[in-house]
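Q: Let me begin by handing over the structure; questions about it come next.
Coordinate-derived values only; no laboratory data. Keep in mind that this is a model prediction, so the values were computed, not measured. Here the Cβ positions follow ideal geometry from the backbone for every residue, glycine too, while neighbour counts run over all protein chains shown.
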2 protein chains.
Amino acid sequence: MLNTRRHQNRSLCWSQTAAPVACPGVADPVRAATRRADADRHPLTDSQENARLFDYEQRVKSAFDSIVPTLKRISALQHEADFESRAQAMAREQLGFELPEAILADAWVTQLDMRRLFSWCVFETYHRFCDEFFSSDPLSQPQTDFQRFLIECGFHTLDISPCADGRLAHVIRYVLRLPYRAVRRKSYAGALFDIEDSLSKWTETELQRFREGKPSTADAPTRYLKAVAYHFSSTDPDNEGCAAHASDVRRAAQAGLQRLQAFQQAVQNSFCCGASIDLLLIGLDTDSDAICVHLPDGDGNIDLDNRVDAGDIYDATRALSPQRAEQHIADQIRQRGIDLPEGMARLIARLLSNNLSQIDYVRHYHGARYQDIGHAERFIGAGIGFEEVQLRNLTYFAYLRTVEEAAADLDVGVKIFSRLNVAHGLPVPVVVRYDYHGQVPGARDRAIQHCRRVDSALRSRYADLAERGLLHTLLVVRDCSASHRIEMIGSSVNGPVTQERH
Amino acid sequence: MLNTRRHQNRSLCWSQTAAPVACPGVADPVRAATRRADADRHPLTDSQENARLFDYEQRVKSAFDSIVPTLKRISALQHEADFESRAQAMAREQLGFELPEAILADAWVTQLDMRRLFSWCVFETYHRFCDEFFSSDPLSQPQTDFQRFLIECGFHTLDISPCADGRLAHVIRYVLRLPYRAVRRKSYAGALFDIEDSLSKWTETELQRFREGKPSTADAPTRYLKAVAYHFSSTDPDNEGCAAHASDVRRAAQAGLQRLQAFQQAVQNSFCCGASIDLLLIGLDTDSDAICVHLPDGDGNIDLDNRVDAGDIYDATRALSPQRAEQHIADQIRQRGIDLPEGMARLIARLLSNNLSQIDYVRHYHGARYQDIGHAERFIGAGIGFEEVQLRNLTYFAYLRTVEEAAADLDVGVKIFSRLNVAHGLPVPVVVRYDYHGQVPGARDRAIQHCRRVDSALRSRYADLAERGLLHTLLVVRDCSASHRIEMIGSSVNGPVTQERH
């Protein structure tokens, strides 16, 4: 049986021009949910924003989730006389695009190559999703205000490393309600970010301050703020927490803190003249999207046991006016944060306050808790990039330079998809993606080579799946120095894209 | 037949305490060669330095080249009654160290595991060579003078990318006679250096100037100088040139220039406020060690056809006084370098003048040209580090982060050693090495993991060789932030060092 919760036919789809439309004859669930949300919302909730975010989430996920039911219906027709035209009509209506003729045309010989067709549809849907993202910016949010606020709080950069788990992919834009372009996000399994990579980013940031005075001049008393977002499951803590830390929440928090401290020490030891950074540790309940923030003291030291929970704040402030609710948050932080600098207190208050909207979002659009508290990703994203993925449980991230270094993370992803897809006869769809800086000569060619090399390494590591048509890849690059769309380099659904270098 | 030129028994060896001693009863070839050198040297040659450098080269290479003849003699004894004690006596005398008892003790069962024993000896010799290098600094040279000179010439950093070919491994300390610690060296196949890696180094260097005023303050009118050293063979140009450019010297020079220009453009495009770098293109005849320098014009543009050859200068100035020889070099550069900035002209003059000593070195210690104009490396060095390797044809370099990315370079190395060693039944010895910054928390552990991961990937890529005992690895890390010795993590000669992560 397919995971019907995930693969049920939804009522929204992309039209052929990639613009979202409600399919005719179906009641609009967005409007209905918005009405429910308005009735019982927290005083600090931004309902309009919630409705907009939900519309987007719903629309994107529906597009992916329409694939299986549509292909099921098409499969039933495959030996009929007017199969190709009926299949195309059905695809246009349900998915918003036509299917590749070559695959349909071969169906009469034996049967439809459903694994190829499924992957083709996932990749086409991903392509349309990206095109919409980079052309019409559906999650736009003013970032200048936030940058100014951040500098007022004493920080010139906010660099967050969440866990690579797909259930945290929406942490910036949804959970924390921050403008995703104003925050650096780099995900790692268990939130155990790469210290050498972070040091290099720190160096780049500081040089920009010295040379260009951006985002603040080098003499401004601001600092680089590095945050970790670990996670846990309040409903099923022993099974649905962070796999990298064996679902042990204490271990996840402790490991995140240690990595933060190690990075701080690395900056202090590698550079002289009082170089340092500030640290922030955030926990996320992936069932309800409520965060907790571990408070630093006046010296920046973080006490794992001294935390403020957004869930508690939500309950305590639900009946208050917006002003009194804000005051309650500030009071909570002041009472528990001994000698906490004013700027850090303001930033934490903003994060907690923002998170109340997301708690309401989950309550009203997804029930008290998400239905998919476990993994339900639609594809694996492997490589560097994926700025467009700001949605929960859409993508299993494997940020990687090489399969060799990221083998353990990839194995976890393939294991998840073995359960989600392979167990039902469907392939693992992997988007291999490298973003590059267009102003660096040769960078595009190197990104393309990078894609092909990683594709080849994937096929070699998962040769058994690949040979059985149970691993399909889409190769994509993007010039990230401009708001360019993605560029499709090749895909296994159209035949082999890479050759072994042996 | 083994390569007897390379494997002949030399007269010098390390004593058991790693201090070099002349073996008793053999005439001292260093002194004899020095006498020859003095008789017919170029007026600008530093004969004393040449003797010192030759002594070191001779000593290190002899230590490696004594292994095969010694093991041959030991092999002949293996079924005799007092085998172990006689073998140890012979090893102590010829190699300066004892052999591992475990390997000798098993000889009676079938026969000596000569592949393991050979690899063990190569690794032990490498270990002793490294220990000497990092404890007594045998190639020391005052670096402060050179740094000051470089800044006077208008450069705060000299970053040279030679080809990864073992015949260029001595380019800094021998060919150009520069203090190796004052020059950044990063070798790549075909000298095609990584632009993103160089950008990151540029960023780090500039930040240090801004924050610490080192090596010059940010407002000093100095620049980052990036140089490429490509190579060719004057004796056998079609076969012994750069393999990455199919022994086509024009193509090698052109490719080096294009990569330099791309890096310059990357700096200009990625950073504002007039950020740029200066470029230098150097060619090396690997038969004679004579360099040529392609002269930039006043705008820094390099004309491939406008070059000064150290070989020509050597011939033209051989009968002059030192002062007139120096004057001749300066004149040559001034005549051909249109609008060449004074600082760049001074630096090029220094490089050409220094190279005259090396031309004499090759003439007097190695005949007019090296005997080993082709590959004759003793081991493969794979990873990041190898500061101690400043000798020609000692190491085939494969600077790498992962086998996945460096597969093509490694394949070339393994092919070379298939001819040098495997064809004679001897294994390919690979030193897997990662240097780390000790002040960065966890860096040592990550370097060790890195070694093990690469070792495992090597065994997987060259499974056929590894299974037949024809690929042996030594795993090494080193804290490069201090003058520490190397640290041995494990070796395949003592049993498996890594486990597959599958």
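Q: Quick one: net charge around A:ILE195, please, counting Lys, Arg +1 and Asp, Glu -1 for every other residue with C-beta under 13 Å from its C-beta. Can you show the working numbers first?
A: Values: positive: A:LYS186, A:LYS201, A:LYS226, A:ARG259, B:ARG444, B:ARG446; negative: A:ASP159, A:ASP194, A:GLU196, A:ASP197, B:ASP445.
That sum, taken over residues with Cβ under 13 Å, equals +1.
Q: Tell me the distances, shortest first, between A:GLU204 and the same position across the other copies, using label points 7 Å along Cα→Cβ, in nm to one decimal.
A: Nearest to farthest, the other copies are at 1.5 nm.
Q: I'd like the orientation of helix B:443-461 relative to chain B: the angle between its Cα long axis and the longest Cα principal axis, in ° from 0 to 90, rounded to 10.
A: 70 degrees
Q: How shielded is A:259-271 by partner chains, expressed as the average number of their Cβ atoms within 10 Å of its Cβ atoms? Mind showing how you got there, number by number?
A: Numbers: counts 2, 0, 1, 4, 3, 1, 4, 6, 1, 1, 6, 5, 5.
Per residue, the number of nearby Cβ atoms from other chains is 3 on average.
Q: Moving on to the next point. May I ask you to order A:252-260, A:41-49 by the average number of other C-beta atoms within 10 Å around their residues, highest value first?
A: On the way: A:252-260: 22.0, A:41-49: 18.1.
Going by the mean number of other Cβ atoms within 10 Å, highest first, we get A:252-260, A:41-49.
Q: On to the next question. Kindly give the distances from B:TRP108 to its copy-mates, label point to label point, with each label point 7 Å from Cα along Cα→Cβ, as nm values to one decimal ordered shortest first.
A: 8.0
Q: What Kirkwood hydrodynamic radius do you get for segment B:144-366 when you take the inverse of the mean 1/r over all pairs of distinct Cα atoms, in Å? Provide the component values of the computation, followed by the final result.
A: On the way: mean 1/r = 0.0563 Å⁻¹.
Every distinct Cα pair counted, the radius reaches 17.8 Å.
Q: At a threshold of 8 angstrom on Cα-Cα distance, excluding pairs fewer than six apart, so keeping six or more, what relative contact order does chain A reach in percent?
A: For chain A, the relative contact order is 15 percent.
Q: Using alpha-carbon pairs under 8 Å, 6+ residues apart, how would you state the relative contact order of segment A:250-336 in percent? Please list the in-between numbers first.
A: Details: 83 pairs, mean separation 16.0, N = 87.
That works out to 18 percent.
Q: Specify the angular offset, from 0 to 90 degrees and rounded to the nearest 10, of the alpha carbon long axis of helix A:195-212 from the longest principal axis of the alpha carbons in chain A.
A: 70 degrees
Q: Restricting things to alpha carbons, find the Rg to Rh ratio for segment A:345-454 using the Kirkwood radius for Rh. Working shown, then result.
A: Numbers: Rg = 18.0 Å, Rh = 16.6 Å.
Ratio value, two decimals: 1.08.
Q: Can I ask one more? Calculate, in whole percent, how much of the Cα-Cα pair population of chain A lies beyond 31 Å. Intermediate results must be reported in sequence, preceding the final value.
A: Working: 58025 of 125751 pairs.
For chain A, the fraction of Cα-Cα distances above 31 Å is 46 percent.
Q: Let me ask something additional. Beyond a 31 Å Cα-Cα separation, which of these cross-linked pairs lie in this structure: A:LYS226/B:LYS226; B:LYS61/B:LYS415; B:LYS72/B:LYS415; A:LYS214/B:LYS226?
A: Working: A:LYS226/B:LYS226 33 Å; B:LYS61/B:LYS415 22 Å; B:LYS72/B:LYS415 25 Å; A:LYS214/B:LYS226 27 Å.
From the list (A:LYS226/B:LYS226; B:LYS61/B:LYS415; B:LYS72/B:LYS415; A:LYS214/B:LYS226), the Cα-Cα distance tops 31 Å for A:LYS226/B:LYS226.
Q: Continuing with the same structure: May I ask for the net charge around A:SER247, where only other residues with Cβ less than 12 Å from the Cβ of A:SER247 are counted and Lys, Arg are +1 while Asp, Glu are -1? Don't skip to the answer; put the middle values down first.
A: Details: positive: A:ARG250, A:ARG251; negative: A:ASP165, A:ASP236, A:ASP238, A:GLU240, A:ASP248.
Cβ neighbours under 12 Å give a net charge of -3.
Q: Another question, if that's okay. B:ARG334 versus A:ARG336, label points 7 Å from Cα toward the beta carbon: distance in nm?
A: Calculated label separation equals 7.6 nm.
Q: Tilt of helix A:143-152 relative to the longest C-alpha principal axis of chain A, in degrees (0 to 90, nearest 10)?
A: 30 degrees
Q: Something else: How far apart, in nm, are two points set 7 Å out from the Cα along the Cα-to-Cβ line at A:ASP40 and at A:THR217?
A: 5.4 nm
Q: How much FRET efficiency would the formula 1/(1 + (r/R0)^6) give for A:GLN439 and B:ALA102, where r is the Cβ-Cβ distance and R0 is 60 Å, rounded to 0.05?
A: With R0 = 60 Å, the Cβ-Cβ based efficiency is 0.55.
Q: Taking only DSSP H segments of four or more residues, each worth -39500 (n - 2.57), what value at 222 nm results for the protein assembly as shown once the sum is divided by all its residues, to the nearest 500 deg cm²/dmol? Show your work: numbers first, answer last.
A: Working: 32 runs with 451 residues, N = 1004.
Only helices count here, giving -14500 deg cm²/dmol.
Q: I need the fraction of alpha carbon pairs in the protein assembly as shown separated by more than 41 Å, rounded to a whole percent. The partial results should precede the final answer.
A: Numbers: 247093 of 503506 pairs.
Roughly 49 percent, rounded to a whole number.
Q: Measuring label to label, 7 Å along Cα→Cβ, what does B:ALA81 give against each other copy in nm, shortest first?
A: Ordered by distance, the counterparts are at 10.1 nm.
Q: Quote to one decimal, in nm, the extra length available between B:SER234 and B:GLU467 on full extension: 0.36 nm per residue of separation minus the C-alpha distance between them.
A: Working: separation 233, 0.36 × 233 = 83.88 nm, distance 4.00 nm.
Gain on stretching B:SER234 to B:GLU467: 79.9 nm.
Q: For every other residue with a beta carbon closer than 15 angstrom to the beta carbon of B:PRO179, add +1 if it is Lys or Arg and -1 if Asp or Glu, then tell me the sum. Please list the in-between numbers first.
A: Numbers: positive: B:ARG52, B:ARG148, B:ARG173, B:ARG177, B:ARG181, B:ARG184, B:ARG185, B:ARG350; negative: B:ASP46, B:GLU49, B:ASP137, B:ASP145, B:ASP159, B:GLU387, B:GLU388.
Cβ neighbours under 15 Å give a net charge of +1.
Q: Name the shape class, rounded, prolate or oblate, that the alpha-carbon gyration tensor gives for segment B:238-308, where a ≥ b ≥ c are the square roots of its eigenvalues, rounded holds for a/c under 1.5, and otherwise prolate holds if a/b is larger than b/c and oblate otherwise. Can you show the working numbers first?
A: Numbers: a/c = 3.04, a/b = 1.89, b/c = 1.60.
Prolate.
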